[in-house]
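All of the numbers you see were taken from the coordinates with simple rules; none came from a lab. Remember, it's a predicted structure, so these values are computed and weren't measured experimentally. Reconstructed Cβ throughout: ideal geometry from the backbone, glycine too, with neighbour counts over all protein chains shown.
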């Protein structure tokens, strides 16, 4: 079963310096039907104006992944990490027992466009930690590239949850197939372009819940960049 979540149905907040779309309930946007999917709790598509950003604020007991689509995002946190995240980079921050962090557009005059993803961990109270890796587009073109996993497999960043996150870049005749094991569910988010998922047409900003499907087939794409979350059924 595939249940689309259309981009136009997402929550939306425009604060001037920040234009944000919320796939699931977040901040002032609340929909009791859209509070997450399994351990996946947040997919925010954010556009931040040049020189602006999120001042220092706290998190705890959450796996936070930042995936930059355009521009550069500057990150600083209370565990001593400072970095700039650019397209192709995947940053994971395990908030655990508690961490303060800030995120700013590293450019004074260009927009940074990125996805902020929250995954609920499988245990509470882990030590806060940070990890960032680069995945060139060549590793994602026409194939599913594992970018986050519970065991850091294939050079992915590691998260405290039985979830695997894949990224792919597809166009034209490109097609990828992902088997979905029994007891697993999946979520697909289209970051840009368009793609068909098991015959369901999705465009930029759209997502889809997938349950009780033996495999996912992504194809008939037009300049698409897609994230696929393969997750434990419980949660």
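Table: residues versus (1) within 20 Å of residue 159 (Cβ to Cβ); (2) crowded, with 21+ Cβ neighbours inside 10 Å; (3) in contact with a strand residue (DSSP E or B) (Cβ under 6 Å, 6 or more places away or on another chain).
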{"site": "3", "(1), (2), (3)": "no, no, yes"}
{"site": "7", "(1), (2), (3)": "no, no, no"}
{"site": "22", "(1), (2), (3)": "no, yes, yes"}
{"site": "28", "(1), (2), (3)": "no, no, no"}
{"site": "41", "(1), (2), (3)": "yes, no, yes"}
{"site": "58", "(1), (2), (3)": "yes, no, yes"}
{"site": "61", "(1), (2), (3)": "yes, no, no"}
{"site": "94", "(1), (2), (3)": "yes, yes, yes"}
{"site": "97", "(1), (2), (3)": "yes, no, no"}
Please specify each residue of the range 88-107 satisfying the condition of being closer than 11 Å to residue 73 by Cβ and more than 19 Å from the chain's Cα centre (by Cα). 106, 107
When you scan the range 218-235, do you find a residue that is under 16 Å from residue 36 (Cα atoms), out of contact with any strand residue (DSSP E or B) (no Cβ under 8 Å at 6 or more places or on another chain) and surrounded by fewer than 20 Cβ atoms within 10 Å (Cβ to Cβ), even just one? yes
Only one of 116, 120 is out of contact with any helix residue (DSSP H, G or I) (no Cβ under 9 Å at 6 or more places or on another chain) and closer than 14 Å to residue 67 by Cβ, namely 116
Restricting attention to the range 108-133, which residues are surrounded by fewer than 17 Cβ atoms within 10 Å (Cβ to Cβ) and in a loop (DSSP other than H, G, I, E, B)? 108, 109, 110, 111, 123, 124, 125, 126, 127
For the range 66-78, indicate whether the set of residues that are on the phi > 0 side of the Ramachandran plot, out of contact with any helix residue (DSSP H, G or I) (no Cβ under 7 Å at 6 or more places or on another chain) and not in a strand (DSSP E or B) is non-empty. yes
